[in-house]
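Colleague: Got a structure for you, written out below as structure tokens; questions coming shortly.
No value in this document is a laboratory result; all are computed from the given coordinates. Here the structure is a predicted model, which is why all the values come from computation and not from measurement. Please note: Cβ atoms are built from the backbone with ideal geometry, for glycine as well, and neighbour counts cover all protein chains shown.
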């Protein structure tokens, strides 16, 4: 799937409260909440990890159908869909 967002890595500029990609500003966190800045900066990596986990799970399910429940798999699908701008 083609990315519609700025690819990672994203970094936190704690001086200005910004999430950056190189010199490009991704977003500003005006609350000064460093935890939110870190979470936003990790977003591309988290999305890649979810996609990789889902791909791995779907590959393993071809050989063993009893490894994961639909509810467990749908947690990843829902998170990926939301990150890609789809419905929750």
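Colleague: How far is helix 34-61 tilted off the main Cα axis of the chain, in degrees rounded to 10, range 0 to 90?
Modeller: 20
Colleague: Let me ask something else. By average Cβ neighbour count within 10 Å, what is the ranking of 35-48, 72-85 from highest down?
Modeller: With the highest mean Cβ count within 10 Å placed first, the list reads 35-48, 72-85.
Colleague: A further question on this structure: So what is the calculated 222 nm ellipticity per residue for the chain, using -39500 (n - 2.57) for each DSSP H run with n of 4 or more, over all residues, to the nearest 500 deg cm²/dmol?
Modeller: It lands at -16500 deg cm²/dmol.
Colleague: May I pose another question? Going by how many other Cβ atoms sit within 10 Å of their own, how do 20, 55 line up, fewest first?
Modeller: In order of increasing Cβ crowding within 10 Å: 55, 20.
Colleague: Also, quick follow-up: Which angle between 0 and 90 degrees, to the nearest 10, do you get for helix 70-83 versus the longest principal axis of the chain when only C-alpha atoms count?
Modeller: Tilt relative to the chain: about 30 degrees.
Colleague: Rank by packing, highest mean first: peptides 22-31, 8-17, with packing defined as the count of other Cβ atoms within 10 Å averaged across residues.
Modeller: Values: 22-31: 11.9, 8-17: 14.2.
So the order, starting with the most tightly packed, is 8-17, 22-31.
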